[in-house]
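*Asks:* First the structure, then my questions, so here it is.
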Amino acid sequence: MTSLAERWSLHPEQFWLYGRAPEQPVMFDEAMDAWHIYGHAEVLEALANPGAFSSETIRLIPMGADESYTEGDLLQTDPPDHRILRNLVSHAFTPKVVADLEPRIEALARDLLDAVAGEDEFDLMTALAYPLPVTVVTELLGIPAADRHLFEKWMTGMVEEMGDLSLADSAEDQEETFDAAMGHMRLMLDYLRDHAAECRKRPRDDLLGGLLAAELNGSRLTDNHIVNFAKMLLIAGYLSTTMMIGNTMLCLDHFPAEMARVRADRSLVPGLVEESLRYLSPVAATYRATAAEVEIGGRLLQPGKMALVWFGAANWDERVFADPMRFDPGRTPNPQMGFGRGIHFCLGAPLARMEGRIALNALFDRFPELRLDPGKPPAFMQAPDTTGVTALPVRTTAD
Ligand code: HEM
């Protein structure tokens, strides 16, 4: 049987999807002047050592290590500030808060699918996978509904530009791509800056209101902290969830017997979400900057190098996942790393899992038949460190 990767020509840099194991769990890439960490154990080890593997990667990017872009962004912050900042926001993601969001997210999914009820074909991304998560994140941030489409435009624009960015490019080429992506980013940051100022003028009892009242190292957080936090939440919480919904449909279409199995036993839906995150990890890699000499996977890494930490490869490591090419929603245990690990473990994981569960159940309930449109192939995101589609035409009728 043709693999899913071969069928859709998935990014060759994600070679494990084609059934090839990495030559070594940790490898140096001359062209990129960066390390790749592929093994499950080695990824865990790197993420457990933030002292040697720093999240402040901005300092290695030639365009400039400007703190104003990163302060308030958990994903670019190391301990001890990371812990303080994470404590400030984690109350907004507790199981109770997330459970309270369930009826709202169910209603959103229902309304979105109402709009395509009765259609023989539609684009799953436009109908559900983009609007559902962007609504959830912008509502968390208190952004007015009328402005949501702006975020969809800015975020997808940024992803498209960054898809062309390669560490192997010259500094000038990198700068050009970065500038194009920053064009969208700047518009988004300007909006968020006005939004933060507005929240400060009219204090509110929500996530940003709480942050504006909080302190970091004895000082109030600045508007810039708030802007970067909001930017991070949009980047971390929106498109990754969009990708997860699309990727799950890709997998179900490729493994119809598993689609039938899950439809017949909905208790498998949470396992389906886990297996989808393992099989096609939306965040295929994250980045760390080595901050000390460190040995990992039998290799000695010098400080000041970029390390690509491949969740996607770790999720196909045969030492942990028997027959990784098999898509099995019943896989137990499934220590997939699609949400990362360690101190930066996805803060929104319970929310994302719930969004996935609700979206998939809503699709199964609404459409007894659902498959990819044989005449209209999906469009894939280009960046090698993400796995996802931008368009996914589906049909709701049997052959
Ligand atoms: C399926 C959807 C999602 C996936 C695959 C995903 C994946 C990830 C991964 C891999 C990380 C760790 C990155 C690293 O270590 O460098 C992360 C961090 C994070 N995620 Fe998610 N995420 C998802 C949904 C969400 C949602 C819905 C939210 C919130 C609305 C969210 C908020 C965050 C935050 C705030 C962090 C940073 C945590 C920290 O640095 O301490 N994510 N996510």
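*Asks:* Looking at Asp323, is it at pLDDT 95 or above, surrounded by fewer than 17 Cβ atoms within 10 Å (Cβ to Cβ) and over 22 Å from Ala21 (Cα atoms)? Even if it seems obvious, please write down each step before you answer.
*Replies:* Values: at pLDDT 95 or above: yes; surrounded by fewer than 17 Cβ atoms within 10 Å (Cβ to Cβ): yes; over 22 Å from Ala21 (Cα atoms): no.
When the stated conditions are applied, Asp323 does not pass them.
*Asks:* For the stretch 140-155, what are the residues that are free of Cβ contacts under 8 Å to residues at least 24 places away in the same chain and either of a type in the set (Asp, Glu) or buried (at least 21 other Cβ atoms within 10 Å of the Cβ) (or both)?
*Replies:* Glu152
*Asks:* So which residues in the stretch 362-377 are open to solvent by 60 Å² or more (accessible area, probe 1.4 Å) and not in a loop (DSSP other than H, G, I, E, B)? Walk me through how you get there before you give the answer.
*Replies:* Kept after step one, since they are open to solvent by 60 Å² or more (accessible area, probe 1.4 Å), are these residues of the stretch 362-377: 365-366, 368-369, 374-377.
Listed by number, the residues that qualify are Asp365, Arg366.
*Asks:* Among the residues of the stretch 59-78 satisfying the criterion of being of a type outside the set (Val, Ile, Thr), assigned to a loop (DSSP other than H, G, I, E, B) and farther than 16 Å from Ala236 by Cα, which is modelled with the highest pLDDT? Give the derivation first.
*Replies:* First, the residues of the stretch 59-78 that are of a type outside the set (Val, Ile, Thr): 59-60, 62-69, 71-76, 78.
Cutting the leftovers down to assigned to a loop (DSSP other than H, G, I, E, B) gives us 62-66, 71-73, 78.
Now drop any that are not farther than 16 Å from Ala236 by Cα, which leaves 62-66, 78.
Values: Pro62: 64, Met63: 62, Gly64: 55, Ala65: 57, Asp66: 71, Asp78: 97.
Once the filter is applied, the top-ranked residue is Asp78.
*Asks:* Within the stretch 25-58, track down each residue that is part of a loop (DSSP other than H, G, I, E, B), out of contact with any His (no Cβ under 9 Å at 6 or more places or on another chain) and in contact (Cβ under 8 Å) with a residue 24 or more places away in the chain.
*Replies:* In the first step, residues of the stretch 25-58 are kept if they are part of a loop (DSSP other than H, G, I, E, B); the result is 25, 30-33, 38-39, 48-52, 55-56.
Now restrict to residues that are out of contact with any His (no Cβ under 9 Å at 6 or more places or on another chain): 30-33, 38-39, 48-49, 51-52, 56.
Within the stretch 25-58, Ala31, Met32, Asp33, Tyr38, Gly39, Ala48, Asn49, Gly51, Ala52, Glu56 qualify.
*Asks:* What's the number of the condition Met182 fails, among (1) open to solvent by less than 20 Å² (accessible area, probe 1.4 Å); (2) in contact (Cβ under 8 Å) with a residue 12 or more places away in the chain; (3) hydrophobic (A, V, I, L, M, F, W, C); (4) farther than 21 Å from Gly246 by Cβ?
*Replies:* (2)
*Asks:* Would you be able to tell me the number of residues in the stretch 103-118 that are loosely packed, with under 14 Cβ neighbours inside 10 Å and acidic (Asp, Glu)?
*Replies:* The number of residues fulfilling the criteria is 2.
*Asks:* Which one is surrounded by the most Cβ atoms within 10 Å (Cβ to Cβ) among residues in the stretch 300-313 that are of a type in the set (A, V, I, L, M) and within 16 Å of the ligand (Cβ to nearest atom)? So that I can check it myself, show each step before the final result.
*Replies:* Of all residues in the stretch 300-313, those of a type in the set (A, V, I, L, M) come to 300-301, 306-309, 313.
Restricting the remaining residues to those that are within 16 Å of the ligand (Cβ to nearest atom) gives 306-309, 313.
On the way: Met306: 18, Ala307: 26, Leu308: 21, Val309: 24, Ala313: 28.
For the stretch 300-313, the residue satisfying everything is Ala313.
*Asks:* Say we look at the stretch 38-52 and pick out the residues that are open to solvent by less than 50 Å² (accessible area, probe 1.4 Å) and touching a Lys or Arg at 6+ places or on another chain (Cβ under 7 Å); which of these is farthest from the ligand (Cβ to nearest atom)?
*Replies:* The initial filter retains those residues of the stretch 38-52 that are open to solvent by less than 50 Å² (accessible area, probe 1.4 Å), namely 38-40, 42-43, 46-47, 50, 52.
Then drop every residue that is not touching a Lys or Arg at 6+ places or on another chain (Cβ under 7 Å), which leaves 40, 46-47.
Values: His40: 14, Ala46: 10, Leu47: 6 Å.
Selected residue: His40.
*Asks:* Kindly check whether there is at least one residue in the stretch 97-108 that is in a loop (DSSP other than H, G, I, E, B), in contact with a helix residue (DSSP H, G or I) (Cβ under 9 Å, 6 or more places away or on another chain) and within 23 Å of Leu239 (Cα to Cα). Reasoning before the result, please.
*Replies:* First pass over the stretch 97-108, keeping only residues in a loop (DSSP other than H, G, I, E, B): 101.
Checking the rest, the ones that are also in contact with a helix residue (DSSP H, G or I) (Cβ under 9 Å, 6 or more places away or on another chain) come to 101.
Narrowing further to those that are within 23 Å of Leu239 (Cα to Cα): 101.
Yes, the stretch 97-108 contains at least one residue that is in a loop (DSSP other than H, G, I, E, B), in contact with a helix residue (DSSP H, G or I) (Cβ under 9 Å, 6 or more places away or on another chain) and within 23 Å of Leu239 (Cα to Cα).
*Asks:* May I pose another question? Is at least one residue of the stretch 338-361 away from the ligand (no atom under 11 Å from the Cβ), of a type in the set (A, V, I, L, M, F, W, C) and surrounded by fewer than 20 Cβ atoms within 10 Å (Cβ to Cβ)?
*Replies:* Looking through the stretch 338-361, none of the residues is away from the ligand (no atom under 11 Å from the Cβ), of a type in the set (A, V, I, L, M, F, W, C) and surrounded by fewer than 20 Cβ atoms within 10 Å (Cβ to Cβ).
*Asks:* While we're looking at this one, here's another question. Within the stretch 279-299, does at least one residue satisfy the condition of being among the basic types (Lys, Arg), touching a helix residue (DSSP H, G or I) at 6+ places or on another chain (Cβ under 6 Å) and within 14 Å of the ligand (Cβ to nearest atom)?
*Replies:* Applying the first criterion (among the basic types (Lys, Arg)) to the stretch 279-299 yields 288, 299.
Of the ones still in play, those that are also touching a helix residue (DSSP H, G or I) at 6+ places or on another chain (Cβ under 6 Å) are none.
No, the conditions are met nowhere in the stretch 279-299.
*Asks:* When the residues of the stretch 314-330 are filtered to those that are in contact with a Gly (Cβ under 7 Å, 6 or more places away or on another chain) and not in a helix (DSSP H, G or I), which remaining residue is nearest to the ligand (Cβ to nearest atom)? Don't jump to the end; show me each part of the working.
*Replies:* Pass one, the stretch 314-330, residues in contact with a Gly (Cβ under 7 Å, 6 or more places away or on another chain): 314-315, 317, 325, 329-330.
Adding the requirement that they be not in a helix (DSSP H, G or I) leaves 315, 317, 325, 329-330.
Details: Asn315: 11, Asp317: 16, Met325: 20, Pro329: 16, Gly330: 20 Å.
Out of the qualifying residues, it is Asn315.
*Asks:* Quick check on my filter: what residues within the stretch 229-256 are within 7 Å of the ligand (Cβ to nearest atom), at pLDDT below 95 and not aliphatic (A, V, I, L, M)?
*Replies:* Gly237
*Asks:* Which residue is nearest to Asp179 (Cα to Cα), if the candidates are limited to the stretch 53-77 and must be open to solvent by less than 20 Å² (accessible area, probe 1.4 Å), near the ligand (Cβ under 10 Å from one of its atoms) and not β-branched (Val, Ile, Thr)?
*Replies:* Asp73
*Asks:* Return the pairs, sorted by first residue and then second, in which the second residue is part of a helix (DSSP H, G or I) and small (Gly, Ala, Ser), the first residue lies in the stretch 243-264 and is closer than 14 Å to Trp8 by Cβ, the beta carbons are less than 7 Å apart, and the residues are 6+ apart or on different chains.
*Replies:* Gly246/Ala129; Asn247/Ser276; Cys251/Ser276
*Asks:* Consider only pairs whose beta carbons are under 7 Å apart and that are at least six residues apart or on different chains; among these, list those whose first residue lies in the stretch 1-16 and is farther than 17 Å from Thr248 by Cα and whose second residue is at pLDDT below 95.
*Replies:* His11/Pro384; Glu13/Pro384; Gln14/Pro384
*Asks:* Residue under question is Thr248, and the condition is that it be in contact with a helix residue (DSSP H, G or I) (Cβ under 7 Å, 6 or more places away or on another chain), among the polar types (S, T, N, Q) and farther than 27 Å from Gly72 by Cα; does it hold?
*Replies:* Values: in contact with a helix residue (DSSP H, G or I) (Cβ under 7 Å, 6 or more places away or on another chain): yes; among the polar types (S, T, N, Q): yes; farther than 27 Å from Gly72 by Cα: yes.
Spelling it out, Thr248 is indeed in contact with a helix residue (DSSP H, G or I) (Cβ under 7 Å, 6 or more places away or on another chain), among the polar types (S, T, N, Q) and farther than 27 Å from Gly72 by Cα.
*Asks:* Which of the numbered conditions does Pro384 fail, given that it passes all the others? Conditions: (1) closer than 30 Å to Thr57 by Cβ; (2) open to solvent by 10 Å² or more (accessible area, probe 1.4 Å); (3) at pLDDT 95 or above.
*Replies:* (3)
*Asks:* Got a number for residues in the stretch 119-132 being open to solvent by less than 10 Å² (accessible area, probe 1.4 Å) and touching an Asp or Glu at 6+ places or on another chain (Cβ under 6 Å)?
*Replies:* Here is the first cut: in the stretch 119-132, the ones open to solvent by less than 10 Å² (accessible area, probe 1.4 Å) are 124-125, 128-129, 132.
So of that shortlist, the ones also touching an Asp or Glu at 6+ places or on another chain (Cβ under 6 Å) come out as none.
Total satisfying the criteria: 0.
The values are calculated or read from the model by the stated rules, or taken from the named source; none is laboratory data. Please read all numbers here as calculations on a predicted model, not as lab measurements. No Cβ is skipped: glycine too gets one built from the backbone with ideal geometry, and neighbour counts run over all protein chains shown. What goes into the accessible areas is simple: the full protein's heavy atoms, side chains included, and nothing from ligands, DNA or RNA. Shrake-Rupley method; radii C 1.70, N 1.55, O 1.52, S 1.80 Å.
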